[in-house]
Structures are given as C-alpha cells and as structure tokens.
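Beneath this line is the structure, given in structure tokens, with notes to follow.
Just so it is clear, none of the values below were taken in a lab; they were calculated from the coordinates. Not measured: the values here are computed from a predicted model. Neighbour counts are summed over all protein chains in view; Cβ atoms, including those assigned to glycine, are modelled from backbone coordinates with ideal geometry.
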Amino acid sequence: MLNLILASIVVAAWPQTEPPAELKAFDGEWIWQEDRTPGRAPEQFNPPLSSRFSLRAEADAMILVSGHGSGHTNVRITFDGRMTEVPNTNPGSFARYRGSWKDGTFTYEVDFIREAGGTPQNLIRRAFTLTPDGLIVRSNLMNETVGLYKQAKDVPLPATAKATINDLSWMQGNWSGIRGTENQIYFEELWSPPRGGSMFATARTVNRDRLSAFEYLRIVERDGSLVYIAQPGGAAPTEFYLTEFSATRAVFQNPRHDYPKQIIYERTGDSLTATIGYIVGGSPRRFEFKRQGATDTNP
C-alpha cells in the first residue's frame, strides 16, 4: 500500500532531528486535571482520553508513547498526512493513524479495520493544543469532549490539614464488605492501631474464592500532617495528602495522580465507607465495610 508506514519499523531507526521549541513543549507525561466540555454536568466529568498519557515530538512527527488507547504504544505519526498502520492481535485487524501539525495544534485521526478486507470503523479524531493553562485535548468519537491536562511539575500539591496519627484512631480494626450482583466479591481492609506516628493496613479483594487484588496501605505523620501511602499489588508507592478531617471523616488528595485523585474514609458506628474518585465531579466508587470482631468506643 502506498504511503503506508508499518508500526513494526523501530522508531529509533527514523532520522532524528531536534524539533522546534513549540513542538518540544509537547514532550512528556500528561495528567488529566479538568473536564472542560461545554454544558457537561459534574457527575459526567471524565477525561477525553486516558487519565495519563505520554507524547514525544520529532521535527516532522509526533510519537504517541502510551495511554492513547487500543493498547498501542510508540506510534509514530508524521505531519504530512501519510498513514501509519498498527496491527492488532487478531489476524487482518489493524488501526490506521494519520496526523497533521498546524497553527500550534497537533491533530490525528484513527480508524479501525476489524478483519481482513473489512471497511474502516469508529473514526476518532483528537486535537492537542498548548495553552497558558496547560494542554487542551479535544476528542471526537460521537460527541466532542474537552479536557485540560498538565505535567506533574505544574500541578501544585494541596494545602494540608494539621493532624497527628491519633486523630485517625477511629479507622483501626478489621473491616470487610461484600458486593456484586451475586454477592460474589469480598473485600477487606485491616488497619492497625496508631503507634509510632503510623497506621498500617493490608487490603485484598476476593472474587468467587479467587484473589483478584491486594494492596499495602499506611498512614504516616509528616510535617505536622498525615500522608496516606498506597501500594496496589505491591507496586511503587503513591502518596495522598490529608486535606481535611473530623472525628469520623478523613480526606486525602493528590491532583498529580491519574486515578484516583481523592480518597475519603467515613465512619458511622460499626460501618466504614471508602470513596475514591476525582476531586471534582465524575462517578466516585464507594466501598461499604462492616467492622468485624471486637467493637470499640469510637463513633
């Protein structure tokens, strides 16, 4: 096929020319911050692309490093309209990318061939424009959605609340819950008592008697406040900072994280609720726990 660039060609093999500054500014990892779709209700807030994606600019092309969907990585899209074909796992199935650079905006289109000899489907058009606020991304599948992305270094961390670990003693205990249409999902968090400026927890989720997820959690005192540190699946730690609390509620935030950006714990009697989601809008996920074992004197 004429003008077809196979994705199997190693990106490093292409001649490298330093891109101009306006293109170079697109380099790096971008994290979603705001939904700017006109007229969208807060509960519908969502990123127009992944919550986190990466770009790398060349003088005559943009490379979609990661986070652009379809599981494709390091897709090189030239600015001259030539097509880049990326094969999928199914034989005869592939995606076709085509892009342009004009007036400070990088735009690309992608469609999908589902089977050999098939017709293109699901045309997606995306546009990326740098502004003083950050990177504006517009995505148009059926309706246009708009989002603001920033790099982590440009996102301020939240102001923290003054607290000690004893202020969250109401979280200690063995907490578990059940969810799912058939009550087939069991989840638990086991929080230690506050000691030595810290609380520790292990968490796990079991689906139909099979372990599906686990997490290491801790809350530690730092600089007169508290930091919640999560390691899902034993991965590298992510920190969330205490922004408000009461005798039955604690809010931790990290706007530099992709998802979640906010974690809220609330206790009522022998019930504990953990809510994760964005700081503003969206559809938060709630986990309802019941205390197991001995009771205590907390609210």
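A few notes on this one:
- A Cβ-based charge dipole, computed about the Cα centre of the chain with Lys and Arg at +1 and Asp and Glu at -1, lands at about 300 debye.
- Within a Gaussian network of the chain (alpha carbon springs, distance under 10 Å), most fluctuating of Val227, Val206, Val110: Val206
- Counted by neighbouring Cβ atoms within 10 Å, the residues Met142, Met199 run from fewest to most as Met142, Met199.
- Within straight-line reach of Lys162, meaning a Cα separation under 20 Å, sit the following aspartates and glutamates at least 8 residues removed in sequence or on another chain: Glu221, Asp223, Glu239, Glu244, Glu266.
- For the chain, built as a Gaussian network whose Cα springs stay under 10 Å, the top-fluctuating residue of Ser139, Ser70, Ser100: Ser70
- 5 Å-binned pair-distance histogram of the chain (Cα, whole percent): 1, 5, 10, 13, 13, 12, 11, 11, 9, 7, 5, 3, 1, 0, 0
- With 0.36 nm allotted per residue and the present C-alpha distance subtracted, the Asp111-Arg40 stretch has 22.9 nm of extension available.
- Measuring r between the beta carbons of Gln184 and Thr248 and using R0 = 22 Å, the FRET efficiency lands at 0.15.
- Taken about its Cα centre, segment 165-292 carries a charge dipole of about 180 debye when Lys and Arg each add +1 at the Cβ and Asp and Glu each add -1 at the Cβ.
- Summary: within the chain, the longest segment free of GluC sites (Glu not before Pro) located in DSSP loops with at most 15 other C-beta atoms within 10 Å is 183-299.
- Using 0.36 nm per residue and subtracting the Cα-Cα separation, the extra length available between Lys290 and Thr275 on full extension is 3.9 nm.
- Treating r as the C-beta distance of Thr164 and Ser66 and R0 as 45 Å, the FRET efficiency rounds to 0.65.
- Shown for Ile178, Ile77: other C-beta atoms within 10 Å of each C-beta, ranked fewest to most, produce the order Ile178, Ile77.
- Positive-pole candidate from Val110, Pro20, Pro47, dipole of segment 4-151, charges at beta carbon: Val110
- At full extension, Glu29 and Arg195 could sit 56.0 nm farther apart than now, given 0.36 nm per residue minus the alpha carbon distance.
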